[in-house]
Structures are given as structure tokens and as C-alpha cells.
1. For residues that are open to solvent by 10 Å² or more (accessible area, probe 1.4 Å), farther than 29 Å from Pro289 by Cβ and of a type outside the set (S, T, N, Q), tally how many sit in the stretch 302-348.
2. Hey, could you check the stretch 4-26 for residues that are charged (D, E, K, R) and not in a helix (DSSP H, G or I) and say which is least open to solvent (accessible area, probe 1.4 Å)?
3. Which one of these is assigned to a loop (DSSP other than H, G, I, E, B) and surrounded by fewer than 23 Cβ atoms within 10 Å (Cβ to Cβ): Gly109, Gly55?
4. Of the residues that sit in the stretch 96-120 and are of a type outside the set (A, V, I, L, M, F, W, C) and out of contact with any Gly (no Cβ under 7 Å at 6 or more places or on another chain), which one is nearest to Thr296 (Cα to Cα)?
5. Within the stretch 140-249, which helices (runs of 4 or more DSSP H) (wholly inside it) include 1 or more residues that are of a type in the set (A, V, I, L, M, F, W, C) and touching a Ser or Thr at 6+ places or on another chain (Cβ under 6 Å)?
6. Looking only at the stretch 411-442, filter to residues that are among the polar types (S, T, N, Q) and open to solvent by 10 Å² or more (accessible area, probe 1.4 Å); which one of those is nearest to Met219 (Cα to Cα)?
7. Quick check on the stretch 272-295: of everything there that is among the hydroxyl-bearing types (Ser, Thr, Tyr) and more than 16 Å from Ser399 (Cβ to Cβ), which residue is least open to solvent (accessible area, probe 1.4 Å)?
8. Quickly run through the stretch 75-93 and pick out the residues that are crowded, with 23+ Cβ neighbours inside 10 Å and not small (Gly, Ala, Ser).
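The values are calculated or read from the model by the stated rules, or taken from the named source; none is laboratory data. Keep in mind that what you see is a predicted model, and the values were worked out from it rather than measured. With ideal geometry, Cβ positions are generated from the backbone for all residues, glycine too; neighbour counts draw on all protein chains shown. These area figures cover heavy atoms from the full protein model, side chains too; ligands, DNA and RNA do not enter into them. Shrake-Rupley method; radii C 1.70, N 1.55, O 1.52, S 1.80 Å.
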Amino acid sequence: MTYLERYRFWMDAELPAQMQKELESLAGNDEELRSRFSGDLQFGTAGMRGIMGMGSNRLNVYTVRRAAQGMAAWLSGTKLPQKAAIGYDSRHNSKLFAEVCAVALAEAGIHTWLYDRLAPTPMLSFAVRRLGCGCGIVISASHNAGAYNGIKCYGPDGCQMTDEPAAIVTAEISNIPYFIPETKSFEAFMQEGMISYIGQDLWEEYYRTVLNEAVDPDMIRTAGLNIVYTPLCGTGNEPVREILGRLGVNITVVGCQEQPDGDFKTCEYPNPETDAALNESYKVASAAPCDVILGTDPDADRVAIAVPCEGGFKKLTGNELGCLLMDYILKARDARNDLPEGGEVVRSIVSSPLADRVADSYGVKMKAVLTGFKYIGGEILELEQKGEEEKFIFGFEESCGYLKGTYARDKDAVVASMLVCEMAASLKKQGKTVLDALEKLYDKYGFYLSYVESVELTGADAMEKAAAMMASMRKDVPVTIGGAKVTAVNDYQILRSLDMATGNETVINLPKSNVLELILGEHGSVIARPSGTEPKVKFYYTAVGKTKEDAKSLLDAMIAQMRL
């Protein structure tokens, strides 16, 4: 079916007047028609994410319902519990889409639990496990701009869905016609008991569980810690403030970003990885007592921090915060002699190898996994299946995602915010700052500077462009990057590691993924991977030097060469 045929099919569907009017407004706009109807919005292991609007390649009640029907068909064909949990964030249509999903699941005889208000993504992961569900759904586009929304899909272990079940869901979706009317309303299924709201008791259980992950909670209560916090108009406002409030943190909230706002008017791109996301926080922190600025993304699975410094504030990278939290946790547990024998910390392959040095100094094993927190969750599951769940100590991704504990299988900005405050309080009582701790890490292990650059791709063939870019890199591997010799090439698509000096190959024991890693000996690395949710290729740079200046010089040279 061509894009014009799809458009006519939607026009003929006799949809509600407002939706029909939107479709009619597209007539004659060939570029927009191609964009909206050139294909179906794709379902992958991360679910679906896209711009909201009418069309087969947009997120709307019809594409959402079809995806949920595919999830229901998959779950119905398994021996998993025929129960599901759903959460949603502060974006436009999130609550509506959540209810659409709940109806689709209930129609298939699946008892569905729905959060009665905004809830962070990690709370959905928690609910799936605590309620014994076969699957879970979060309506969120994470840190994307306000025009976007999405569906994140979870398996029974509370991890985001893996390749095999996702492929089944994709196949099921392809066989489901558009515009199948609902058999009953959301309200009717609620009255029958097929859809139920998640009660406050589960919120309280989540709070207790997170608080149990504190290393030394009394540290916060006695330090007089001052925090400036922004939920970036998202879901973190209630749970983050509840946890920090119970621990005695003095919290100043960024007022213009306190309440839910799907337009994100004060932060167009609500991604805490970017410095601009904290601009309003800097204004507040300049006039209020502040030891640390905390910012959580709209679905509160990521957190970033900034700290006062000479001339303003310094925002830490996800790698820097991850290594600091890991060092704090390991140091505290080592001091009281309760590090588990055979304990493990986990990072994604694109995260800083500085974390490996930190883990090794405490005699703890580091495991590097593919990008995507579900792989960190998978490591926890393996330990759980062996009865060794307590060996998991901490996991993180450079994209500001952290988890301590096994109660959830996704990154959790709530527990990470608590740990940040605890670490900062500990340092404050010693007369030190977070920046002092960071400098100490660099002095001990060397300067590891990281940088992430995204190459944005446009057009209907954006994904093909990304594939061509990756193929070109594999064909023409440079001998040096930024003056540092390429010593090894790790190709995760073919699961082979090539030693450039000897030509020897070894097997990489990870799932296949379209990732290419160029190792520069002890000087760093460059990793390239297409985004799993957007038409872009991401480049992850790590430069290592004895001084910050050495590392910065190498990093600049690496970036300049790769941009050519």
C-alpha cells in the first residue's frame, strides 16, 4: 500500500470529527503525507516512540490500541500470568493512551492494573514484579520534546521487553486491522473489575523499598543538606520529594517546572543529559541555599546533577556521577565490611571504563553489557536465578541512568536522587564538595573525559542512511584516531574482537548488536551505534590522560577526525 493509499484508507474510516478534520488538513501536503503514511510506526524492544498525530506513522489512539492488542495477543499465547500493569507520565495524551492500552488488554481477558496518577517508569517495573504480572506498559517518550510520546513494554521480570517476545508482538501487530472498535468502555471494564487502579499501599511499599537501599540515611539527617530540585514538569515531583523529605533534606523546588506540563514550556528538550535542561534550576540555585541541583526527566528514570563552583555551576556527566556513586557505595560498604563475596557492578559498554578502575580497587567484578538498561536488569535476573541476587551492588549507564537494589529492573531516578543526597551529605560533613570527590577520583585513576555526539539523519530513508554510515566505518577502520593508535576493534554485530597488531580474533560473549567499538589502547575509545528509538547515529568518545589538559587535547583531536 502506498502512502497515498494509506491516507485514503484513513480518510474513509469515518473517524471522530476532530480527527477527520486533522486528516483533511493534510490534503495536498505531499511531504507531510509521506512522513505520516509512508509506513507503520515500528515496534521494537523499546516499544514504540513517535510524534503524536493522525497517521499510521504517528502515535495516536489507533496505533496505540493496535500495539496494545499485539501485546495482548502475545501474552495470551504464553503461560505467563494473565495480568498486566500500566503507568504513564505527564505528556499530552499519556493518561488517554494508558486507558486505551488497559481496554485492549482487558478485552483479551487480561486483568490490568493501572496507576491512578502520574508514576515514574521504575515504579511500573516495581509494580510488574510485586503484582505478579506477565507484562507491563509505560506511556512515555522519556526525555524527548513535547511533540513525542511512546509505549515502553516490559516482561514479567520487570525488564524492558527483549528481542524474542518483541518480535512476536511485532508479528501479531502486523496481523491486526486498524480501527477495530472497543467492545466495552474503560469505565465498564473498571466496574467489572477487569481493570483496577493501583492503590496507595503499593506506593508506600515502593517508598519503603527505596529507603532500604540507603547506605547511611542518618548521614542526610545530620548534614543540613540543601537541594534545588526540578522534576522538569514530569513524574518525579511526588516520589522524589517524598523520599528526600522523609530523610530530612532541605528542598527548594523549581516552581515553574514543578507541575506536569506536556508542552515543557520552560524546557523544550527535557533531557537531564543536557546542560540547558537545568537552566531554570541555575536561576533558583543562585538565590537559594544550594549544595546540589537535582533534575529528573519526565518519567523519572534518569537524574542529573550540578554543583556550585567558582563562577556558577558545573553539571556532571552521567559517567562522572555514575563513578562517584559507585565509589561512594563501595567505599561505605567496604568500610563496614559488608561487600558481598563475588559482588558485581554493571555498566553499559558505552559508559566510562573509569568505573572498571574504581570497581577493581575494591576487589569487585565489573560486567559490561550492551546499551539499554534491560541488559543490566538481565544480569540481575541471572543472579536471581542462581539465588545470588545480593551480589548485585550497583548498575549505571552514561545516559544518567542508575540503580541500586533489585526491586526494579530499570533505572530509577528516585533511588539515585536519594544516593546523591547521601553522598553529598557525607562530603559536606567532611568539609568537602562533590567536585572535591570527583577531582580525587581523577587524581587517583587518571582523567577520563567522555563526550557523546549524535549525528541526526533526516528523510524517509533515515534508517538506511544510518546503516550505510555503520557499514562505511566497518569497511574503513582508521589506523589512528586523534593521534592515538587503534589497537583493537570490537564488532558487536558479528561478536568478534580483532587485535589490530596480531590479527587474532576472539569471541565477544554478548547478544548481537549493531555497535562498533574502536579501542585506543590505554588512551580511550570511540564507539558508534545507531539509536534504537530515533533516526541518528551516536558516537561515544572516551579520552584518557594523566592530566585534564592531556585528556581534553586528545578528545578534541578524536572528535575533529571522526567528523571529517
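1. Result for the stretch 302-348: 11.
2. Ranking the candidates gives Asp12 first.
3. Gly109 is the lone residue from the list that is assigned to a loop (DSSP other than H, G, I, E, B) and surrounded by fewer than 23 Cβ atoms within 10 Å (Cβ to Cβ).
4. Arg117
5. Here the list reads 163-174, 218-221, 237-246.
6. Ser426
7. Across the stretch 272-295, the extreme among qualifying residues is Ser281.
8. Leu75, Ile86, Tyr88, Asp89, Arg91
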